Amino acid sequence: EAKADGGNTYKFFSARMNEQAARAGQIEISLRQAVENEALHLHYQPIVDYRSGSLVMCEALCRWTDPVLGPVPPNEFIKVAEESGLISRLGEWVIREACTYFASCNQNGHQLGGISVNLSTRQCRDTDFIDRLARILRETGMNPACLHLEITESMMFDDRRIDPVEVMESIRELGVNISLDDFGTGYSSLSYLKRLPIDMLKIDRSFIKGIEHDTAGQALVRAIVSMAEGLKIGIVCEGAETPEQCELITALGCNLIQGYGIARPMSAADFLRYLEEHRGPAKKIMGAV
Ligand code: C2E
Ligand code: MG
Ligand code: MG
Ligand code: MG
C-alpha cells in the first residue's frame with residue numbers, strides 16, 4: 001500500500017517534471033523570437049517619498065505576452081532566459097528601453113529623478129557587459145546618475161567566475177547607481193555591506209507582509225533602516241499594499257516606498273499619465289551620487 005503510494009508519488013513528480021521541462025522548452029523557443037523581434041515591453045512602478053508625497057523614481061519591470069502561451073510571468077521567463085543564455089540580449093534591451101523611456105518622460109517636462117532596472121547575475125558574467133552598458137548610456141544620452149541597476153545578494157555568492165566587486169565598481173565608475181534588491185532574503189552575512197559599493201537597499205516585500213501584526217518584523221525594518229543610515233545607503237521598502245503599511249513603514253524611518261498600496265506597475269502610456277497627475281519637483285534620491 002505504502003509502496004504503491006510511493007510509486008504514484010514518484011510518477012506524479014516525474015510527470016510534473018516532464019511538463020515543466022516541456023513548458024520551459026516552449027518558453028525558450030518563443031522567448032528567443034520575442035527577444036529578436038523586440039516583442040517584450042516594460043511596465044513601470046512608482047517609487048515615492050511617502051512623507052512628502054513626491055514621485056522620486058520608478059522601477060522598470062519586463063513583461064511578455066506570447067501569442068500562444070499568453071502572458072508569462074517574469075519570474076518564469078527570466079529564469080528560462082538565464083538558463084538559456086538569452087538573458088544577455090534580453091537584459092541589454094531592457095536597459096536600453098528603460099533609458100529611452102526615461103528620456104521621453106523628462107522631455108514632456110516631467111522631472112522623474114531616476115529609473116531602476118533589474119540586472120541578472122548571469123548578465124554580469126559577460127566580459128563585455130560594462131562596454132555594452134557604456135554604449136547604451138552614450139547612445140541614449142542617459143544621465144548615469146539617474147540610472148539604478150538592481151542586483152541581488154546571489155550575485156555575490158553564486159558565481160565564482162566573476163568578481164562581483166569588480167563589476168560593481170566598474171558600474172559605479174560609469175556613474176551608475178547600484179541597488180541591492182530583495183534585501184534580507186539571501187543567506188549572506190551583513191559584513192559585505194561594508195565592502196560593497198551600494199547606493200540603495202531594497203527591503204524585500206516578505207518583511208512587509210503582515211508587518212502591522214508583527215512587532216519582530218517592525219524591529220527588523222527599523223534596524224535595517226538605521227544600519228543603512230549609518231552606512232549612508234538609501235533605502236526603499238518594497239511590497240507595501242495598504243495605507244496602514246505605508247504609514248507604519250514611514251514611522252519606522254523608511255521614506256521611499258514601492259508597492260501596490262502606492263501604485264501597481266503600469267504600461268508606458270499609463271505611467272506617463274501617472275507622471276502628469278503627480279507633477280512636481282523630483283526630490284534628490286537618498287544615497288544617489
Ligand atoms: P523584483 O525586482 O523584486 O520586482 C518587484 C516585484 O514585486 C514585481 O513583480 C512587482 O510587480 C512586485 N510588487 C510590487 N509591489 C508589490 C506589492 O505591493 N505586493 C506584491 N505582492 N507584489 C508587488 P514582477 O513584475 O512580477 O517581477 C518579478 C521579478 O522578476 C522581479 O522582482 C525581478 O526579480 C524579475 N524581473 C522583472 N523584470 C526583470 C528584468 O527586466 N530583468 C531581470 N533580470 N529580472 C526582472
Ligand atoms: Mg527589482
Ligand atoms: Mg530583482
Ligand atoms: Mg525586489
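How big is D for segment 65-222, in µm² s⁻¹ as a whole number, if Stokes-Einstein is applied with the Kirkwood radius of its Cα pairs at 37 °C and 0.692 mPa s? Don't jump to the answer; show the numbers that get you there.
Details: Rh = 17.2 Å.
Calculated translational D: 191 µm²/s.
Here, segment 19-132 yields an orientationally averaged convex hull projection of 8.8 nm² when only Cα atoms define the hull. Measuring spread by the Cα atoms of the chain yields a radius of gyration and Dmax of 20.2, 72 Å.
A 1.4 Å probe run over segment 1-157, with the rest of the protein chains in place, finds 50 Å² accessible per residue. Pair-distance distribution of segment 129-197: all C-alpha pairs, bin width 10 Å, starting at 0; shares per bin in whole percent are 18, 51, 25, 6.
Phi angles across segment 197-203 convert, under the Karplus curve 6.51 cos²θ - 1.76 cosθ + 1.60 with θ = phi - 60°, into 3J(HN,Hα) values of x, 10, 9, 8, 10, 10, 5 Hz, Gly and Pro given as x.
State the extension gain, in nm to one decimal, for the chain segment bounded by A268 and E169, taking 0.36 nm per residue of separation less the distance between their alpha-carbons.
Values: separation 99, 0.36 × 99 = 35.64 nm, distance 3.10 nm.
Here the answer is 32.5 nm.
Pop out the carbon and sulfur fraction of the accessible area of the chain as a percent, whole number, probe 1.4 Å. Present the calculation step by step, with values, prior to reporting the outcome.
Values: 7500 of 14760 Å².
Exposed carbon and sulfur together represent 51 percent of the surface.
This model, with +1 at the C-beta of Lys and Arg and -1 at the C-beta of Asp and Glu, gives the chain a dipole about its Cα centre of some 280 debye. Over the chain, Cα pairs under 8 Å with separation of 6+ residues give a relative contact order of 20 percent. On full extension of the chain, what length is gained from K232 through R135, given 0.36 nm per residue of separation minus the C-alpha to C-alpha distance? The span from K232 to R135 would gain 32.0 nm if fully extended. About its Cα centre, segment 1-155 has a charge dipole of approximately 20 debye under the convention of +1 per Lys or Arg Cβ and -1 per Asp or Glu Cβ, with nothing else charged.
The A22 and N108 beta-carbon pair, evaluated with R₀ = 51 Å, returns a calculated FRET efficiency of approximately 0.70. Over the chain, what is the percentage of antiparallel beta bridges among all DSSP beta bridges, to the nearest 5? Of those bridges, close to 40 percent are antiparallel.
Karplus-derived 3J(HN,Hα) values for segment 133-139, using 6.51 cos²θ - 1.76 cosθ + 1.60 with θ = phi - 60°, are 4, 4, 5, 4, 4, 5, 6 Hz; glycine and proline are entered as x. In this view, the solvent-accessible surface of R63, computed with a 1.4 Å probe and all protein chains in place, comes to about 60 Å². Per-residue SASA remark: S189, around 60 Å² accessible (1.4 Å probe; ligands, DNA and RNA not included). Accessible area ranking (1.4 Å probe, heavy atoms, ligands and nucleic acids excluded), largest first, for K202, K79: K79, K202. Ranking Y50, Y44 from most to least accessible surface, computed with a 1.4 Å probe over the protein chains only, gives Y50, Y44.
Residues in segment 141-153 carry Karplus couplings, in order, of x, 5, 6, x, 5, 9, 9, 10, 9, 9, 10, 10, 4 Hz; the curve used is 6.51 cos²θ - 1.76 cosθ + 1.60 with θ = phi - 60°, and Gly or Pro positions show x. Every helix of 4 or more DSSP H residues in the chain counts as -39500 (n - 2.57), and over all residues that averages to -14500 deg cm²/dmol at 222 nm. One Cα centroid belongs to segment 165-215, the other to segment 47-92; the line between them spans 18 Å. Figure note: H213, H41 ranked by solvent-accessible area, largest first, 1.4 Å probe, ligands and nucleic acids not counted: H213, H41.
The values are calculated or read from the model by the stated rules, or taken from the named source; none is laboratory data. Everything numeric in this text was worked out from a predicted model, so none of it was measured. Virtual Cβ from ideal backbone geometry, glycine too; neighbours counted across all protein chains shown. Please note that ligands, DNA and RNA were not included when accessible areas were found on the heavy atoms of the full protein model with its side chains. Shrake-Rupley method; radii C 1.70, N 1.55, O 1.52, S 1.80 Å.
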